Amino acid sequence: MSKKNGISVMVKRFQKRLFAKNLEVMKEGYFALIAIDKHEERRFVVPVAYLERASFVRLLERSAEEFGFNYEGAVEIPCRPSELQRLMAEQSA
């Protein structure tokens, strides 16, 4: 399996698990992320469309490596909240 296909499979699995766990909690078309670094933690609500963007896929890969892939609730990603906020601002521009 190529890396691109592997990422696509990972994103589809992520979407399936995420929506199965958070369907009642999140507004349709969005999911929750928690950006965590050594000193700070912050929750973000992110459009599902971002799952097709390479920068978010890389964050999800880092998250899977560091935290595993069993989520109940918001997905935790290993990055500074300010980094995720900047990335989201770039994506929406």
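Throughout, read-outs are computed from the coordinates displayed, never taken from laboratory work. Here the structure is a predicted model, which is why all the values come from computation and not from measurement. Cβ: placed from backbone, ideal geometry, glycine included. Neighbour counts: every protein chain shown.
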Q) What's the local net charge at Ala35, with K and R +1, D and E -1, over the other residues with C-beta under 13 Å away? A) 0
Q.
For the ranges 40-47, 74-81, what's the packing order if you count other beta-carbon atoms within 10 Å of each residue, average per peptide, and put the highest first?
A. 74-81, 40-47
